[in-house]
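Take a look at the structure set out below.
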Amino acid sequence: MITAGASFHVASGGRPEWLPLLHTLGGTGLATGGALALNQYVERDLDARMRRTRNRPIPSGRIAPGSALAFGLALLAVGVVWLAATVGWMPAAYTALSAAAYILLYTPLKRRSYFATLVGAVPGALPALIGWTAAGVAPSLGAWVLFGIFFLWQLPHVLALAWLLREDYERVGFFLSPPSDPDGRRIGRHMVYHTISLALVSVAPSLLGLTGWIYGIGAVALSLAMLATCAVASREMSFPQVKRVFFASLLYQPLLLGLLLVDTAPLS
């Protein structure tokens with residue numbers, strides 16, 4: 001929802017039309033909530049076996065599975081229809097695609113392959129295209145650059161979380177970290193590689209003229225700080241160091257989005 005709004009803002013040259021933006025945020029928010037509810041319905045039995053998720057509404061018994069299913073489907077449908085009726089079929093289609101990839105591909109793939117991490121990053125990055133097209137602009141290189149930033153940001157974030165919660169995930173057979181990696185060194189290297197890729201892509205908005213130099217300098221500084229945190233953690237993969245990576249990733253995204261919002265270049 002936030003990333004869709006930021007993408008809408010950039011596609012509008014920093015001067016968005018507020019009513020379409022509000023429609024975009026509302027429809028995306030409902031659809032996202034619906035997709036999350038459906039995911040919890042599908043994974044209700046697994047959630048009951050993990051400490052992190054056993055208190056969610058369905059496994060804790062606060063909501064019946066059938067009610068959660070109906071609620072999720074209703075939210076998703078209303079969100080997609082809202083977007084189609086107010087900002088166009090393309091953002092609505094990207095929203096439906098994001099939900100389908102999340103529920104039908106990522107959710108079952110988590111128990112089959114480490115590549116679920118890459119697949120799961122796709123629906124997490126599609127809001128870049130949702131917001132861009134909702135602004136009435138066809139997908140262009142700028143839209144795909146934002147998609148790449150949001151895609152790559154998720155990888156060190158998810159890998160750090162997977163390592164921190166590996167016992168919970170192993171209990172239910174989730175493959176969210178590289179196999180045959182008992183000391184975490186491989187996952188540490190992957191965090192570094194993905195963050196290097198993120199650092200390179202994150203400066204592209206300035207190079208393409210989507211933002212000014214303030215964003216570019218800030219993006220470099222944030223990426224170097226994130227990379228340093230990952231590099232330190234990769235040496236030993238201790239709980240405190242990996243936890244720092246996780247929290248660094250939580251700070252990285254809103255700070256980068258803030259830079260995008262305040263330094264968006266006007267349309268030429």
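No value in this document is a laboratory result; all are computed from the given coordinates. Model, not experiment: these values are computed from the prediction. Here Cβ is always computed from backbone atoms with ideal geometry, including for glycine, and neighbour counts include all displayed protein chains.
What the table below lists for this structure:
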read-out: Alpha carbon Rg of the chain, scaled by the compact-globule rule 2.2 N^0.38 Å; value: 1.03
read-out: Net charge contributed by nearby residues that have their C-beta within less than 15 Å of Val42 (K/R +1, D/E -1); value: +3
read-out: Where labels lie 7 Å past Cα in the beta-carbon direction, separation of Leu73 and Leu267 in nm; value: 4.0 nm
read-out: The chain, relative contact order in percent, only Cα pairs under 8 angstrom and at least six apart counted; value: 22 percent
read-out: Gained length - Phe247 relative to Leu118, 0.36 nm times residue gap less alpha-carbon distance; value: 44.4 nm
read-out: Most mobile listed residue (Arg171, Arg112, Arg244) in the chain, GNM with C-alpha springs under 10 Å; value: Arg171
read-out: Relative contact order %, region 1-137, counting alpha carbon pairs below 8 Å whose residues are six or more apart; value: 37 percent
read-out: Diffusion coefficient, µm² s⁻¹, Stokes-Einstein with Kirkwood Rh over alpha-carbon pairs of region 1-137 at 37 °C and 0.692 mPa s; value: 213 µm²/s
read-out: Backbone N within region 246-268 under 19 Å of label point (7 Å from Arg15 Cα along the Cβ vector); value: 261-268
read-out: Ordering of 41-53, 200-212 by burial proxy (mean other Cβ atoms within 10 Å per residue, highest first); value: 200-212, 41-53
read-out: Order of Lys110, Lys243 under a 10 Å beta carbon neighbour criterion, fewest first; value: Lys243, Lys110
read-out: Computed over region 140-268: relative contact order in percent, which uses C-alpha pairs under 8 Å that are six or more apart; value: 32 percent
read-out: Inter-label distance for Val81 and Asp45, nm, one decimal - labels placed 7 Å from Cα along Cα-to-Cβ; value: 3.2 nm
read-out: Rg and Dmax of region 140-268, Cα atoms only, in Å; value: 15.8, 54
read-out: Backbone N within region 50-69 under 14 Å of label point (7 Å from Arg111 Cα along the Cβ vector); value: 50
read-out: 15 Å beta-carbon shell around Met237, net charge (K/R +1, D/E -1); value: +3
read-out: Rounded FRET efficiency, nearest 0.05, which uses the C-beta distance separating Arg189 from Ile217 and R0 of 22 Å; value: 0.20
read-out: Protection proxy ranking, peptides 60-69, 231-240, average beta carbon neighbours within 10 Å, highest first; value: 231-240, 60-69
